[in-house]
Structure formats: C-alpha cells, structure tokens
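A.B. asks: Following this message is one structure expressed as structure tokens.
The values are calculated or read from the model by the stated rules, or taken from the named source; none is laboratory data. Just so it is clear, the model here is predicted, and its values are computed rather than measured. FYI the Cβ positions are ideal-geometry reconstructions off the backbone, even for glycines, and counts take in every protein chain you see.
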C-alpha cells in the first residue's frame, strides 16, 4: 500500500495493484505554479478516480478540465454524478456498499458532520472502504467527523490505513463542523491503535479551524506520533 500526498485533501493511493486518485485538486500543478513536488503526469496515470465529495474545492476546475473524460470515476451519489456528467465525464459509477472494481471491493460508508455538538449525516460526502481478500483494508473517511458508526467499521474491517480530513467549520451553516478535531483523532486512534492514520486538509494557511502545527503538537503530547501522520505535499508513505 502506497500513499502519496498531493495537496489539500487530494492524494494518490496504490492498493493491491490498483492506483487511485482521491478527491483531485489540480490547481497549479499543470504549469508548475504549485509548490507540490508530485509530477503532473503521475496524477493521470491511475486506474480510477474516487470522489468522496465535490465540496470545498475538491474536483476543482482544473481537475474537471484535465482528467480524461473516459476515466473511471467513482462518486458518492447521483447529484455528484450529474455534476460530472455535465462536464462530459462518461465512465461514472455511484458507490454502494457492494461496489466491485477489478479484484477489489470499494464500499461506501456514511460521513457525518457536527452541529452544536450533535452528529448529523453529511449527505454531501461519504467514506470509502477498499478491501482485498488477503490484504488489510484502507479506510478513506472522507469529509467526516467522528461518529459512533466508525467504531463498527474499525471493528469489522480492521483497516491498516485510515485517511481523515482535519477539522474546519462552515460559518454559512451556523457553525457546522466537518472533519475531525484533536479529540476525535485521539478517539479514532484509541479505537484501533494498530492503524496508521493520515490527516489531510490541514495546513497553517487554510480555512482549517486548527492548524497543522497545533494538531501535531497535540499528537506528540499524547504520544500518538507513531500512528498519526501529517504528510507534506509530495510526501510518500509505504505501508
């Protein structure tokens, strides 16, 4: 299993001989204006694209322009499929709990956000559980906060890799909180300490309500640094 950070919530995942581009954000990559060290050609040398959500800049205008129209793209609902279909994408598939691709299972899982301390289902995002008959699964939590159902996912599938989005708030929705905060990262780690957790979308310059620096400090203070990782753009992990 190979994870390669691109930028923001976007990354490449090699799993069991298949390569996925997840939640593509390509602005600045084609002409080299981004500081990202991933070569642009690598982003299109994939077997499929997975879009856990289309909000917050994911699948940006550059991704919609540059990704080949016939490339396999998995989306989380019909609304997202219609959005990409309008841009000419012709090989779209809506994820379900029984989706199969090549020799892999790609299962849709729920995503949640928090409003006033209560968890509500996030209809604009989903999680994805990628599994293989003889390999440990990868759990892509998407734009989701911690919720009780995650415990069951971890207990049932025992993923080797968990990719989560860091906390940010949507002031237009009355303080809705998407992604995981520090305490939820700790809860995730304690629920299944054998997994490697990669946190995306958290920088010191973006709309995240907690910076990468603050998250890393919290993780180190609570001695979770061997299990919770914060990749820089272009950084690669082999699990």
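A.B. asks: Have a look at 97, 30 and point out the one that is exposed (fewer than 15 other Cβ atoms within 10 Å of the Cβ), part of a loop (DSSP other than H, G, I, E, B) and out of contact with any helix residue (DSSP H, G or I) (no Cβ under 6 Å at 6 or more places or on another chain).
C.D. replies: Among 97, 30, only 97 is exposed (fewer than 15 other Cβ atoms within 10 Å of the Cβ), part of a loop (DSSP other than H, G, I, E, B) and out of contact with any helix residue (DSSP H, G or I) (no Cβ under 6 Å at 6 or more places or on another chain).
A.B. asks: Restricting region 73-87 to residues that are touching a residue at least 12 places away in the same chain (Cβ under 8 Å) and part of a helix (DSSP H, G or I), which is surrounded by the most Cβ atoms within 10 Å (Cβ to Cβ)?
C.D. replies: 80
A.B. asks: Can you tell me which residue among 16, 111, 51, 63 is out of contact with any helix residue (DSSP H, G or I) (no Cβ under 7 Å at 6 or more places or on another chain), in contact (Cβ under 8 Å) with a residue 12 or more places away in the chain, under 17 Å from residue 128 (Cβ atoms) and surrounded by 20 or more Cβ atoms within 10 Å (Cβ to Cβ)?
C.D. replies: Values: 16 fails: surrounded by 20 or more Cβ atoms within 10 Å (Cβ to Cβ); 51 fails: out of contact with any helix residue (DSSP H, G or I) (no Cβ under 7 Å at 6 or more places or on another chain); 63 fails: under 17 Å from residue 128 (Cβ atoms).
Of 16, 111, 51, 63, the one residue that is out of contact with any helix residue (DSSP H, G or I) (no Cβ under 7 Å at 6 or more places or on another chain), in contact (Cβ under 8 Å) with a residue 12 or more places away in the chain, under 17 Å from residue 128 (Cβ atoms) and surrounded by 20 or more Cβ atoms within 10 Å (Cβ to Cβ) is 111.
A.B. asks: Among the residues of region 159-173, is any touching a helix residue (DSSP H, G or I) at 6+ places or on another chain (Cβ under 7 Å) and modelled with pLDDT under 90?
C.D. replies: yes
A.B. asks: Given the criteria at pLDDT 90 or above and either part of a loop (DSSP other than H, G, I, E, B) or touching a helix residue (DSSP H, G or I) at 6+ places or on another chain (Cβ under 6 Å) (or both), does residue 70 qualify?
C.D. replies: So residue 70 fits the description; yes.
Matching residues to (1) in a strand (DSSP E or B); (2) modelled with pLDDT under 90; (3) in contact with a helix residue (DSSP H, G or I) (Cβ under 9 Å, 6 or more places away or on another chain); (4) surrounded by 13 or more Cβ atoms within 10 Å (Cβ to Cβ):
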residue	(1), (2), (3), (4)
129	yes, no, yes, yes
139	yes, no, yes, yes
152	no, no, no, no
177	yes, yes, no, yes
